[in-house]
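These notes are about the structure you will find just below.
The values are calculated or read from the model by the stated rules, or taken from the named source; none is laboratory data. Given the structure is predicted, the values throughout are model-derived calculations rather than measurements. Please note: Cβ atoms are built from the backbone with ideal geometry, for glycine as well, and neighbour counts cover all protein chains shown. The area values use the complete protein model at the heavy-atom level, side chains included, leaving out ligands, DNA and RNA. Shrake-Rupley method; radii C 1.70, N 1.55, O 1.52, S 1.80 Å.
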Amino acid sequence: MDGPRKAFTPEMYEILKTSRCINARLYNHQGQVLINPKKNASDAEMDRLHVFFGQGMFYNAHEEALLFGDAVVRQPISTAKDPQPEALCQTDDGLSNIKLISEVKAQELSKLTTNLFEELRDSPLASGRSETIKAELKGFFLDFDAHPDAMNGLVNVIELMGGMDLLPEPEMAVKRTVVAMAMKTRGMKAQNNRERREFDRIVTDLMVSALLCDMGKRCLKPKQAQSEASPADPQLQSYPLFSYILIAHDENLSPAVKYNILSQHRPLLETMAECNNYPDVLWLREKLRIFAQNYSNEGLRNAVKKDVAEQLANLHKGMHYDEDIAILSIASAFAQLTTSGPGKVALTAAQAVRHIINDAFFTYPDRIVREFLDYISMSLCENQKIIRENDFVILQSYSADKSLVWEVGRILSSNRWQSRPVVRCYATAQPIIKKSPRLEIRGFATESMKLLHRPITVALEGVFQRRIVYIFHEERDASILMSLEHAYASVS
């Protein structure tokens, strides 16, 4: 790329979409050409333009007039919503420092959530209440989605929640809802979702799921609702079912919302022998049958039985990758990790993201971790990198005979696409796996490390055979980091 670069905004994309004339080269954040000049671009070429725009796209500043003609002069890019000078709004990686969530909107969502928790303290969801909830959440989403920097701006929910003085449960619900909304919105835009009505419905349903999915925790003792509890704990297994029972009768809520709530902590395939999924699917099916048989409200009995039958049918199909459930699971973890509670100190946003990475192997599908890192992690952390140059990491892959391989490497370079750094792998090692109360990787035994005969450099962009499953912690892993430094120096 020659000279200063500028990032595309939604207004610029609309100009090109209308004119169908691309009069200059367009680039990614690394300066690589994405699209060459093209007159009268075809539908397929415009689809590619949309996909690249969703991932971050740039142009040479001196070619602005060539690309947009007089349109930029007639329709300035800056708006009343974003008063900051342009120089302060764009980072080198195309991310924006604009804060996407207003304090007013955050207060409205917090009030809605607090009131809802109070209402559900002693009784199920009141008739018609879900329609109000959907309308308010859709309004919040549309305000977010309409922002010019919706794809690249700061999702500043942590900052705003710090000044709200909420109880832990409503605070976590607000964070979970905002994070889930941002992940789904950015993911669908990057995948070129064209049907606006369907787009709005899908995102709103996920937000409703995120707001309601932990309501059943009020039925648990406080210590049993903490993340430190074992997924096998019978009480902890029960709370997704309790959440479902509070809303099962409401025909205004889609079956998809109810399925999300039942399955929110089951994002991994049922075939994975060891994982942190809960509740057990056989247990869940049996409890649903009992609930349908014992439901006492004559007027709503048919609605409940119909929905339970649909949930049982979905559970019977077997667990495949479900994006909404995976998003709920990872958004819930982020919300819980960043929220203080009795005997629990909140992590910073960056600490929470690293914790999620290190917890991922036994807890989340690789695909959702990649999307979390690429679409939203830096936006939650004031645009600060989570995976940084010189970090030591463990990568997991499979050998030719399908056995697990654990590689030790060092980050050579990283950018806003946090799942796609360049890593220099120089050793193999056996990880230390902690099994109680949850399965997790806790580094590896130094004596198990074996240096590779020849180190290899791997660019993870587009490579799905390897994934980062552990980032070494400066304090907790201090002793082993000295060994890693020494070993790395010996092969470099």
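Being touching an Asp or Glu at 6+ places or on another chain (Cβ under 8 Å) and surrounded by 15 or more Cβ atoms within 10 Å (Cβ to Cβ) is the filter; apply it to the range 39-76 and report the residue that is modelled with the highest pLDDT.
Checked the range 39-76; the qualifying residue modelled with the highest pLDDT is Asn60.
For the range 135-167, give me the residue count where each residue is basic (Lys, Arg) and open to solvent by less than 50 Å² (accessible area, probe 1.4 Å).
Residues flagged as basic (Lys, Arg) and open to solvent by less than 50 Å² (accessible area, probe 1.4 Å) within the range 135-167 amount to 0.
Exactly one of (1) assigned to a helix (DSSP H, G or I); (2) at pLDDT 95 or above; (3) among the acidic types (Asp, Glu) is unmet by Glu407. Its number?
(1)
Take the range 465-492 and flag every residue that is farther than 16 Å from Phe444 by Cα and touching a Ser or Thr at 6+ places or on another chain (Cβ under 7 Å).
Gln465, Arg466
Limited to the range 197-246, what total is found for residues that are modelled with pLDDT under 80 and either among the small types (Gly, Ala, Ser) or assigned to a helix (DSSP H, G or I) (or both)?
Number of matching residues: 13.
Could you identify the single residue in Ser379, Ser419 that is in a helix (DSSP H, G or I), of a type outside the set (A, V, I, L, M, F, W, C), surrounded by 19 or more Cβ atoms within 10 Å (Cβ to Cβ) and in contact with a strand residue (DSSP E or B) (Cβ under 8 Å, 6 or more places away or on another chain)?
Ser379
Please state which of the following conditions Lys385 fails to meet, knowing it meets all the rest: (1) out of contact with any strand residue (DSSP E or B) (no Cβ under 8 Å at 6 or more places or on another chain); (2) of a type in the set (D, E, K, R); (3) in contact (Cβ under 8 Å) with a residue 60 or more places away in the chain.
With respect to (1) out of contact with any strand residue (DSSP E or B) (no Cβ under 8 Å at 6 or more places or on another chain); (2) of a type in the set (D, E, K, R); (3) in contact (Cβ under 8 Å) with a residue 60 or more places away in the chain, Lys385 is out only on (3).
If you scan the range 95-134, which residues turn out to be surrounded by fewer than 19 Cβ atoms within 10 Å (Cβ to Cβ), part of a helix (DSSP H, G or I) and among the basic types (Lys, Arg)?
The answer is Lys105, Lys111, Arg129.
Can you pull out the residues in the range 324-345 that are among the aliphatic types (A, V, I, L, M) and within 17 Å of Val155 (Cβ to Cβ)?
Of everything in the range 324-345, those that are among the aliphatic types (A, V, I, L, M) and within 17 Å of Val155 (Cβ to Cβ) turn out to be Ile327, Leu328, Ile330, Ala331, Ala333, Ala335, Leu337.
Kindly establish whether Gln384 is open to solvent by 10 Å² or more (accessible area, probe 1.4 Å), touching a helix residue (DSSP H, G or I) at 6+ places or on another chain (Cβ under 8 Å) and outside any loop (DSSP other than H, G, I, E, B).
So Gln384 fails the test.
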